[in-house]
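What follows is a single structure, written as structure tokens, with notes after it.
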């Protein structure tokens, strides 16, 4: 596809006198793994909420999966998936019930759900029984399962809000393997994270500081731009507010 | 779209049935409350302590006294010739009423056929005092009739024996009939109202808590990014609670009829029609509460405050017609008032559709209005 | 570091906490006044316009006279004439009629002939007390009418002069204000303390406090004192509003009332601390406070339903409801003007309850902390 999966132009959101997101612009190509970084309070969550249609922008516009988030929010929702660290699956429902629920919500027929879930659980090498309550699953399984369920309806873009929080390093690796697999199939992955080593896994990333996009590019390009050896240093440099910053188109 | 609704309904029922705390709150607590409240909710005036200040001490005055005792409504707490002990008794609560019989009681009655006694009542509770006044008035009036209806010679015998004797003059006898409540007891009057109150609390509170819990847990966001239309989401939230509300109402009715002997004179179909409409209003209020609350505690406080207003203006404890006219007008938008009136009319009076159609229309209008407004507010806040 | 300044600093933090939660604060300050206004305006028991219909087979002077009496009485609202006694039934069923008076046929003839005759008074008695009262009003009118007709010639008439003590205006609000004060105090003390303490427990900040130089009892006192102040502020505001808006009488000693209120507030606070100590989550504490304090205080305290009307087992149960005794004290002071000499038993009972609850609360809190 030639049209980018996500396009943001001067996207802005104010809460009273406070500007949480300040005229950010960027594009994400389909099949990209795009990292969305920034300190707490930098505006990441607000930006994601706008892109997923949970919050209306004060100014600016964006299209996701080819549809405008303001005028065609319904279409956008049909084509995206979402998973957050805070919540994804219902604790008090079983694995199977959760899968059926989300499958049904996205309009999949029963037999289709059954087929896809079998494939998905097989790929995950999911050992716990499908009749297990989600609350009883270890965190690692919960997160991986949540991600897979978010992909069940084969969305064009999947938004992941700090998906690997609190999970051990091995599970994190496995999670990122799932992300790569999804991206390889053409799904655009938009992921926010605190872990800078995960940032290295992304095709491109942007770093938000004080509501603005302070840096945008591939990990290698950013390291070169700031003449530092690691993304950690990029981050620290930006956070200190040195001169070299600004939007860059890829 | 219907399929999405079905899927969501399935989820709601699963979640509700698996939550032990909620199940208990929905089914056990209201029934316990109903049973306890059903027993305490009465304004019936049982025997009152009467202090008698008898300044005449004649057969006639003692005859009156005997009638008070015989009525079963009064116990003689004291018998003195002076006021002071009676006043003290009233102050410290050992008596609720004082009957003062004047010095020339018997003589005045004999000579002029007229006399005046004084009745002093503890009117802290004005309504109860009114009832005591009614009882006393009846006893005194009967005694007057007895005294007047026998020839003087046989009067003494009449006073002692209490027989009516021959009439000396044409008298219009006043007979009374209290309809719909032969035993004049409070249970049948209060319990339908209490049942309505319980359903309201559960329906409104549960609706509010149900949605606020999703807000608190963050699952609301999860659902908001899906293509679920807000109307479908709301329907999925409200329909299960509407059904549960009706189930609870049925349980409460069973308790009312089996445990408390509340009669069912009219048709239950009318009652259920009212219940169905009423629940729409109750759930609508709960929905509104969920839009203004961010935490479960807030939802609880707000619901409690709103329901207090509803309950006090519903006619459950005190008659609506006793309120000032302007308050009565405001009360017309209280669905609880209409539903309680409907339930009482159907269960106790045997009212049918033709009798309560006004209440049904009011319930329908109020319910649909509240629900539409709440849905509007919800949609606005969600966007 | 001495204990005093630490306690003060802690209390200052608690007060700031309380003041910052605007929503809850607004509810706690305004709700009592709102309740008072509601109780004062909406909760009344005397019906000022009893709807009456007279059924007279023939319109003669006697029935016309009766109708006029009802119409002029000021207590009654005379409905248009009803032709048959049967029509009364549907009017009653629809709730459009309160009392029906059925006059017998040929009333005038019968009286002239000296025949006994009977008038029937039918009333809607689903509400027993109201029904009885309305019936009494109607009968009073009938007796006057009876006198005027001369139908009671030679009969004996005992008049009753009535005196209503302690509440001459028979205003229900006078009865409810004491109970309202009890309810508000309970809400601010038991409910809020339970929620506040259990919230600290749930968040884990309680443990932080425990490792500080503050003693456990200082922590509790520090938490509890702001609510006590708030509670007393509520009492004063409600009393003022009651007096200004509804002219609720205040016969007795203000200082005695305030002292009793403080005693009752302390009982509520002790209860709140106890609840927080024995529950595990905020929601559980909230529900326990509601079920253990608010509900008994509305149902079993004599606030709305007189204790004397309840079945005996429940009457006995009310003995352990603190609000029941407090309401008696407040009613005694406000409406009857009695003092310590009459009310000492109730005050003693409340003091004993306080002692018991405090001991339990301290013991359970210590156990949890240890």
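The values are calculated or read from the model by the stated rules, or taken from the named source; none is laboratory data. The shown structure was predicted, so the numbers you read here are calculated from the model rather than taken from an experiment. Cβ: placed from backbone, ideal geometry, glycine included. Neighbour counts: every protein chain shown.
Could you tell me whether residue C:284 is more than 26 Å from residue C:337 (Cα to Cα), at the interface with chain B (Cβ under 10 Å from one of its Cβ atoms) and part of a helix (DSSP H, G or I)?
yes
Could you list, in sequence order, the residues of segment A:75-96 that are at the interface with chain B (Cβ under 7 Å from one of its Cβ atoms), more than 20 Å from the chain's Cα centre (by Cα) and surrounded by fewer than 20 Cβ atoms within 10 Å (Cβ to Cβ)?
Result: A:92, single match.
Hey, among B:330, B:285, B:292, which residue is more than 25 Å from residue C:88 (Cα to Cα), surrounded by fewer than 16 Cβ atoms within 10 Å (Cβ to Cβ) and at pLDDT 90 or above?
Selected residue: B:330, the only one of B:330, B:285, B:292 that is more than 25 Å from residue C:88 (Cα to Cα), surrounded by fewer than 16 Cβ atoms within 10 Å (Cβ to Cβ) and at pLDDT 90 or above.
So, in segment C:136-175, of the ones that are over 30 Å from residue C:248 (Cβ atoms), at the interface with another protein chain (Cβ under 7 Å from one of its Cβ atoms) and in a helix (DSSP H, G or I), which residue ends up modelled with the lowest pLDDT? Let's see the steps before the verdict.
Here is the first cut: in segment C:136-175, the residues over 30 Å from residue C:248 (Cβ atoms) are C:138-139, C:141-159.
Adding the requirement that they be at the interface with another protein chain (Cβ under 7 Å from one of its Cβ atoms) leaves C:139, C:142, C:146, C:151-159.
Subsequent filtering for residues that are in a helix (DSSP H, G or I) retains C:139, C:142, C:146.
Details: C:139: 89, C:142: 87, C:146: 79.
Among residues in segment C:136-175 that are over 30 Å from residue C:248 (Cβ atoms), at the interface with another protein chain (Cβ under 7 Å from one of its Cβ atoms) and in a helix (DSSP H, G or I), the one modelled with the lowest pLDDT is C:146.
Select from segment C:324-344 the residues that are outside any helix (DSSP H, G or I) and crowded, with 19+ Cβ neighbours inside 10 Å and list them in ascending order.
Answer for segment C:324-344, where residues must be outside any helix (DSSP H, G or I) and crowded, with 19+ Cβ neighbours inside 10 Å: just C:338.
Does residue B:23 fit the bill of being within 14 Å of chain A (Cβ to nearest Cβ), within 30 Å of residue B:317 (Cα to Cα) and loosely packed, with under 15 Cβ neighbours inside 10 Å?
In short, yes.
Name the residues in segment A:1-42 that are free of Cβ contacts under 8 Å to residues at least 24 places away in the same chain and out of contact with any helix residue (DSSP H, G or I) (no Cβ under 9 Å at 6 or more places or on another chain), would you?
Those that are free of Cβ contacts under 8 Å to residues at least 24 places away in the same chain and out of contact with any helix residue (DSSP H, G or I) (no Cβ under 9 Å at 6 or more places or on another chain): A:2, A:16, A:17, A:18, A:40, A:41.
Just checking: which of the helices (runs of 4 or more DSSP H) contained wholly in segment A:1-110 hold 3 or more residues that are within 26 Å of residue A:196 (Cβ to Cβ)?
Fully inside segment A:1-110 and qualifying: A:44-51.
What about residue C:183, is it more than 7 Å from every other protein chain (Cβ to nearest Cβ) and at negative phi?
yes
Can you tell me which of C:351, C:281 is closer than 30 Å to residue B:298 by Cα and surrounded by fewer than 22 Cβ atoms within 10 Å (Cβ to Cβ)?
Answer to the check: C:281.
May I ask you to say which residue of C:54, C:82 is more than 14 Å from every other protein chain (Cβ to nearest Cβ), over 30 Å from residue C:213 (Cα atoms), touching a residue at least 12 places away in the same chain (Cβ under 8 Å) and surrounded by 13 or more Cβ atoms within 10 Å (Cβ to Cβ)?
Only one candidate passes the filter, namely C:82.
From (1) within 28 Å of residue B:131 (Cβ to Cβ); (2) within 14 Å of chain A (Cβ to nearest Cβ), pick out the condition that doesn't hold for residue B:34.
(2)
Which one of these is more than 28 Å from residue B:129 (Cβ to Cβ) and either not assigned by TED's automatic domain parsing to the domain that holds residue C:136 or not in a loop (DSSP other than H, G, I, E, B) (or both): C:64, C:58?
When all the criteria are applied, what remains is C:64.
If only one of B:198, B:241, B:220, B:254 is away from every other protein chain (no Cβ under 11 Å), over 30 Å from residue C:143 (Cα atoms) and either free of Cβ contacts under 8 Å to residues at least 24 places away in the same chain or not in a helix (DSSP H, G or I) (or both), which one is it?
B:254
Can you tell me which residue in segment A:183-195 is surrounded by the most Cβ atoms within 10 Å (Cβ to Cβ), limited to those that are farther than 21 Å from residue A:86 by Cβ and in contact with a strand residue (DSSP E or B) (Cβ under 8 Å, 6 or more places away or on another chain)? Break it down into steps so the answer makes sense when it comes.
Initially, segment A:183-195 is screened for residues farther than 21 Å from residue A:86 by Cβ, giving A:183-188.
Applying the additional criterion that residues be in contact with a strand residue (DSSP E or B) (Cβ under 8 Å, 6 or more places away or on another chain) yields A:183, A:187-188.
Values: A:183: 19, A:187: 22, A:188: 25.
Among those that are farther than 21 Å from residue A:86 by Cβ and in contact with a strand residue (DSSP E or B) (Cβ under 8 Å, 6 or more places away or on another chain), it is A:188.
In this structure, is residue C:39 at pLDDT below 80, assigned to a helix (DSSP H, G or I) and over 30 Å from residue C:119 (Cα atoms)?
Criteria not met by residue C:39.
Can you tell me which residues in segment C:13-32 are part of a helix (DSSP H, G or I) and within 12 Å of another protein chain (Cβ to nearest Cβ)?
C:22, C:23, C:24, C:25, C:26, C:27, C:28, C:30, C:31, C:32
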